[in-house]
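Enquirer: Below are the structure tokens for one structure; questions will follow.
The values are calculated or read from the model by the stated rules, or taken from the named source; none is laboratory data. All values derive from a computational prediction rather than experimental measurement. Note that we place each Cβ from the backbone using ideal geometry, even for glycine, and neighbour counts take in every protein chain shown. Ligands, DNA and RNA are stripped out before the accessible areas are found, and what is left, the full protein with its side chains, is counted by its heavy atoms. Shrake-Rupley method; radii C 1.70, N 1.55, O 1.52, S 1.80 Å.
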Amino acid sequence: MEASTSMLDFWTPDADLVTLLGIGFLLGLRHALDTDHLAAVSTVLAERPSFLASGAVGLWWGTGHTLTLLLVGSIVLAWGLHIPAGFEVMAESGVGMLLIVLGGSLALKLYRERWHVHSHDHDGQPHVHLHSHRQQRDHRHRHWMTDAVRPLCIGMVHGLAGSAALMLMILATTTTMAGGLVAILVFGVGSIIGMMVIGVTMSVPVIYSRSMSQRLFVGIQGCASLASVLVGVWMLAKLSPSILGH
């Protein structure tokens with residue numbers, strides 16, 4: 001009887017840990033809704049108008065985000081290190097610059113593939129159609145790994161920026177290596193699921209705009225590009241006092 005009781009105590013998880021895991025999962029879902037995450041992912045989704053591709057973007061973004069958190073968390077928990085405040089500022093600044101690059105690259109892509117109206121005659125009748133400068137090689141199907149690398153890397157950068165706040169939350173609840181890593185993993189699963197749902201949801205207007213009007217589709221892509229640049233500039237402006245040491 002005593003042996004079975006001891007075994008039951010061994011397998012019963014700590015109540016605080018269970019609470020932390022539940023909160024971590026919900027925070028992971030909420031974390032996916034952060035403005036910088038939405039801005040970054042929207043630039044990728046705008047180029048892949050399909051539900052399957054959008055779900056894959058969310059999956060790879062969340063995976064990269066979680067991998068970075070697990071790496072940083074392992075180092076912090078193993079050696080008892082503390083992430084300096086300057087590191088968080090530097091990482092957040094990197095995210096801001098990344099958003100500007102993502103938005104600018106999408107804008108450049110739209111410019112290179114710009115759509116315009118051509119008018120000419122067919123059998124004596126005027127005919128108008130849209131024309132794009134998109135190169136034919138862009139129509140080839142890319143390998144899945146090529147599509148995965150970009151959101152994976154974007155997620156890793158965002159994970160680096162969010163690692164400091166997450167470590168403070170985990171270290172306030174548990175100092176064990178196993179408990180901390182499990183908490184990070186559950187948080188990561190929440191962020192992966194949240195980003196996959198958000199990716200599919202955000203792709204709805206992109207997909208339907210393409211079926212309705214090419215001009216509307218390009219307009220939505222342009223909005224995603226502009227939003228990413230504006231969010232990036234806003235983040236750098238907000239961080240400028242810390243960067244300049246004021």
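Enquirer: Residue check: is V200 in contact with a strand residue (DSSP E or B) (Cβ under 8 Å, 6 or more places away or on another chain), in contact (Cβ under 8 Å) with a residue 40 or more places away in the chain, open to solvent by less than 60 Å² (accessible area, probe 1.4 Å) and of a type outside the set (S, T, N, Q)?
Expert: Against the criterion (in contact with a strand residue (DSSP E or B) (Cβ under 8 Å, 6 or more places away or on another chain), in contact (Cβ under 8 Å) with a residue 40 or more places away in the chain, open to solvent by less than 60 Å² (accessible area, probe 1.4 Å) and of a type outside the set (S, T, N, Q)), V200 does not qualify.
Enquirer: Let me ask something additional. Restricting to segment 163-190, name every residue that is open to solvent by 50 Å² or more (accessible area, probe 1.4 Å), farther than 23 Å from M90 by Cβ and in a helix (DSSP H, G or I).
Expert: The answer is M177, A178, V182, L185, V189.
Enquirer: I'm checking my understanding of the structure. Among residues of segment 77-126 that are touching a His at 6+ places or on another chain (Cβ under 8 Å) and either modelled with pLDDT of 85 or more or of a type in the set (D, E, K, R) (or both), which one is least open to solvent (accessible area, probe 1.4 Å)?
Expert: My answer is V95.
Enquirer: Looking at this structure, is I193 in contact (Cβ under 8 Å) with a residue 60 or more places away in the chain and open to solvent by 60 Å² or more (accessible area, probe 1.4 Å)?
Expert: Numbers: in contact (Cβ under 8 Å) with a residue 60 or more places away in the chain: yes; open to solvent by 60 Å² or more (accessible area, probe 1.4 Å): yes.
Here the answer is yes, as I193 does meet what is asked.
Enquirer: Out of all the residues in segment 42-54, which are in contact (Cβ under 8 Å) with a residue 40 or more places away in the chain and open to solvent by 10 Å² or more (accessible area, probe 1.4 Å)?
Expert: S42, E47, R48, P49, S50, F51, A53
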